[in-house]
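Presented below is the structure to which this report refers.
None of the figures in this text is laboratory data; all of them are computed from the coordinates on show. Quantities reported herein were computed from a predicted structural model and do not represent experimental measurements. When we count neighbours, we look across all protein chains shown, and the Cβ atoms used for this are built from the backbone with ideal geometry, even at glycine.
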Amino acid sequence: MSLGYKDTPILPDSGYHVHDGDRPQPPVVTPGAPGTSELITPPPSDAIVLFDGTDLRHWRALDGGEARWRVENGSLQVEPGTGDIRTVESFGDIQLHLEWAAPAEVHGEGQGRGNSGVFLMDRYEIQILDCFQNPTYADGTTGAVYGQYPPMVNACLPPGQWQTFDILWQAPRFDGEQVARPATVTVLHNGVLLHLHRTLLGATGYRCIPGYTPHGNGPIRLQDHGHPVRFRNIWVRRLDTYL
Ligand code: MG
C-alpha cells in the first residue's frame, strides 16, 4: 500500500512529489526523556503563557467566537468538529514551546492517527501526528514542515505520553509583492533536532506546491484534525525585541 501520492506536483529542491510515498522515512531516534506528569519546560520570565492549564482566554475559534476545545485536568484537548483555534494575539519572530500528547487509545493509521498541528502565523504548519510505529508519507511525519520537509529524524514517544515541541521561528519578510527573505524554522521534538534553520517554500498546502502571499504578523493556530490530541504548557517569547 502506498503511503502517499505520485500524482502531485514535484517539489523544486528535493525532486520528490508533494507527500511522496517513496520519500525515505525519517530514521527513528528514541528521545532521552520519557513523558512525565510534570511540565517539561516551564515558561521563562519573559514568556507570554498562552495556556497554563486553566482557561482559553488567549484563544478563539476561527470565526472569532469562543474556543470550544476541552480544558480538563490541566490540559487542552481538541474537541473534534469544533474547528481550529488560534491566538488572540499576533506574532512575528518567536520562540514557541508546547507540550502535546496523542490519544493513548490508538485508532487509525497514517495521517488518521493523532493528527493535529501548529500553524505559525496562521499559515505554516509544523505537523503533529502520532508517528510512533506509524509510517506515513515523509513530509507529513511528526514535526514535518507539512508538505515540504520531513524532519531529520522521528523522535516520537508512545501515544498518551507528553511530548515537547520547541520551535524557533523567523517570519518571512516582504518587499511589496516580493519575498525579501523567506521564513525559516528550527524545531526540536523531545529535545531532538528535527530542522535546523530550515527555509520554507511558502504557506502550507495539501497536494500543491507551496508559495508565499505577503502578510503581516499572524496568530498561532492549533489544528482540529478530528482527533482528541491534548496540549499543555504553551508559551511563546517574542524575539522581535532581541533580534
Ligand atoms: Mg496536521
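So for region 132-146 (the condition being within 15 Å of the ligand (Cβ to nearest atom), surrounded by fewer than 23 Cβ atoms within 10 Å (Cβ to Cβ) and closer than 17 Å to residue 50 by Cβ), does at least one residue qualify?
The answer is no; no qualifying residue exists.
Tell me whether region 12-19 contains one or more residues that are out of contact with any strand residue (DSSP E or B) (no Cβ under 6 Å at 6 or more places or on another chain) and closer than 25 Å to residue 224 by Cα.
Taking region 12-19 first, the residues out of contact with any strand residue (DSSP E or B) (no Cβ under 6 Å at 6 or more places or on another chain) are 12-16, 18.
This time we only want the ones that are closer than 25 Å to residue 224 by Cα, so: 18.
Yes, region 12-19 contains a residue that is out of contact with any strand residue (DSSP E or B) (no Cβ under 6 Å at 6 or more places or on another chain) and closer than 25 Å to residue 224 by Cα.
Taking residue 202, is it small (Gly, Ala, Ser) and either surrounded by fewer than 17 Cβ atoms within 10 Å (Cβ to Cβ) or within 16 Å of the ligand (Cβ to nearest atom) (or both)?
Considered against the rule, which asks whether it is small (Gly, Ala, Ser) and either surrounded by fewer than 17 Cβ atoms within 10 Å (Cβ to Cβ) or within 16 Å of the ligand (Cβ to nearest atom) (or both), residue 202 comes out as no.
So for region 199-220 (the condition being of a type in the set (Lys, Arg) and in a strand (DSSP E or B)), does at least one residue qualify? Let's see the steps before the verdict.
At the first step, the residues of region 199-220 found to be of a type in the set (Lys, Arg) are 207.
Adding the requirement that they be in a strand (DSSP E or B) leaves none.
Scanning region 199-220, I find no residue that is of a type in the set (Lys, Arg) and in a strand (DSSP E or B), so the answer is no.
Could you identify the single residue in 170, 148, 127 that is closer than 18 Å to residue 209 by Cβ, among the polar types (S, T, N, Q) and in contact with a strand residue (DSSP E or B) (Cβ under 6 Å, 6 or more places away or on another chain)?
127
Name the residue that is nearest to the ligand (Cβ to nearest atom), counting only residues in region 100-125 that are touching a Leu at 6+ places or on another chain (Cβ under 7 Å) and in a strand (DSSP E or B).
The qualifying residue nearest to the ligand (Cβ to nearest atom) is 116.
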